[in-house]
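Below is one structure; the comments refer to it alone.
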Amino acid sequence: MEQLPAGGDIGDLMGLRTAAAKALVAVFIGTFALVGVMTRPAGSGVAGWLAEIVAWGVTSAAAVALIQVPGDPLRRSVTAVVAAAGPVATVSVLLVVDDPGVRILTFWPLSATTALCTYLCVRGRTGVAWLSMLVAIGATALWAVGIGEGAGYGISISLINLAPLVMSSFFAITIRPAAREIFLMQGAGTEAAAAEAARRAVLDERDRQLGRLDDQARPLLERLVDAAPLSADERDECSLVEARLRDSLRAPTFDVRSVADAARQARRRGVEVILLDDHGLVDADDDVRERVIGGAVTALAAARAGTVTIRILPPRRRVVATVLQVAGDVVVREEYDGEGRLVGSD
């Protein structure tokens, strides 16, 4: 049997988990419930009711499993249960039938078995489906022998059920290779789309970085090509721009206007600013990010001398960020917890 690519499920392709499929199963369950009630052998008493309930229950459960259980081909354990349902239902009803002249609908479990086996073929279990159908036919033949009608009678009333199974087997043989190609094309399309999205993201990021570099560095670069020496203010500006670009690479989480402006003003006051990002806020909520960024801005705005080191720690730490301020003999350390709140200062 043709194997589908990993992740491919012909049940999805055939719409077995749609509302229409559920409605079809509901009709299956309701129809055979009605048929079981209407064709219960006369005089069978409680045994007849029990036989019909057992047959209806196992075939109904198997029908639900066929459309609900994912995977392709159908899992072996579920396949065994579905395959056994038909023969069990057939034997259950035959045990209370001792008159060969009953209506043909009395043998409704054979029709239910055919339906179950048909969808077993679709779910990639054609061999097991045939085994299930043949067991049900064999049970009917044995029943016919037991009531004195001969095996031929049992086979004759059940053999017609092979026709739908033949068609479903042919369908499975032809549709599953086609389904494999469909899933392969879907996979290739998804991979191509992902690759294109990644390429566009790289290009967009490159354009963003180039645009920022153009805004921040172009005026100074154009000034550097002049023969005239740089003034003290221009040299300071070059240092600030270099620091800004370095921050954007070493601490992308802090690459926002508020932190950049605060760091620029602190550096103008002579404070050494070091921003580090070990990606502990990559998956954090926006509120947590805003609190940590707000704390960084506050620390930079308050610094008047020395060194301010603001670091986002690696993921899965109790503390997500620290602020270390060193000014002469004075050392102040602040810590922010997983909610972005200030929890320690010394």
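The values are calculated or read from the model by the stated rules, or taken from the named source; none is laboratory data. In this text, all values refer to a predicted model and were calculated from it rather than measured experimentally. Note: ideal-geometry Cβ built from the backbone for every residue, glycine included; neighbour counts use all protein chains shown. Quick note on the areas: whole protein, heavy atoms, side chains included, nothing else; ligands and nucleic acids left out. Shrake-Rupley method; radii C 1.70, N 1.55, O 1.52, S 1.80 Å.
Points worth noting:
- Full-stretch length increase - Ala228, Ala19 - with 0.36 nm per residue and alpha-carbon distance subtracted: 67.4 nm
- Helix axis angle, 162-224 relative to the chain longest principal axis, alpha carbon, degrees: 10
- Amide hydrogen proximity for Gly280: with H placed 1.01 Å from N in the peptide plane, the residues at 5 or more positions away or on another chain lying under 5 Å are Leu313.
- Taking 0.36 nm per residue of separation and subtracting the Cα-Cα distance, full extension of the segment from Leu249 to Thr298 would add 15.5 nm.
- Computed 3J(HN,Hα) for segment 25-33, one whole-Hz value per residue from the Karplus formula 6.51 cos²θ - 1.76 cosθ + 1.60 where θ = phi - 60°, is 5, 4, 5, 4, 5, x, 4, 6, 5, glycine and proline marked x.
- Excluding ligands, DNA and RNA, the accessible surface per residue across the chain is 54 Å² with a 1.4 Å probe.
- Amide H contacts of Val320 (H built 1.01 Å from N, under 5 Å, at least 5 apart or other chain): Tyr336, Asp337, Gly338
- Rounded to the nearest 0.05, the FRET efficiency derived from the C-beta distance between Ala61 and Glu242 at R0 = 56 Å is 0.20.
- By the Cα gyration tensor, the chain has an equivalent ellipsoid whose semi-axes, rounded to whole angstrom, run 79, 24, 13 from largest to smallest.
- Apolar share of the accessible surface for the chain: 63 percent from carbon plus sulfur atoms, 1.4 Å probe.
- Over all projection directions, the Cα-based convex hull of segment 55-104 averages an area of 4.1 nm².
- In order along segment 308-316, the phi-based Karplus estimate (6.51 cos²θ - 1.76 cosθ + 1.60, θ = phi - 60°) of 3J(HN,Hα) comes to 10, 10, 10, 10, 8, 7, x, x, 6 Hz; Gly and Pro are listed as x.
- Projected label points at Phe170 and Met185, each 7 Å from Cα along the beta carbon direction, are separated by 2.4 nanometres.
- Only Cα pairs under 8 Å and 6+ residues apart enter the sum, and on that basis the relative contact order of the chain stands at 11 percent.
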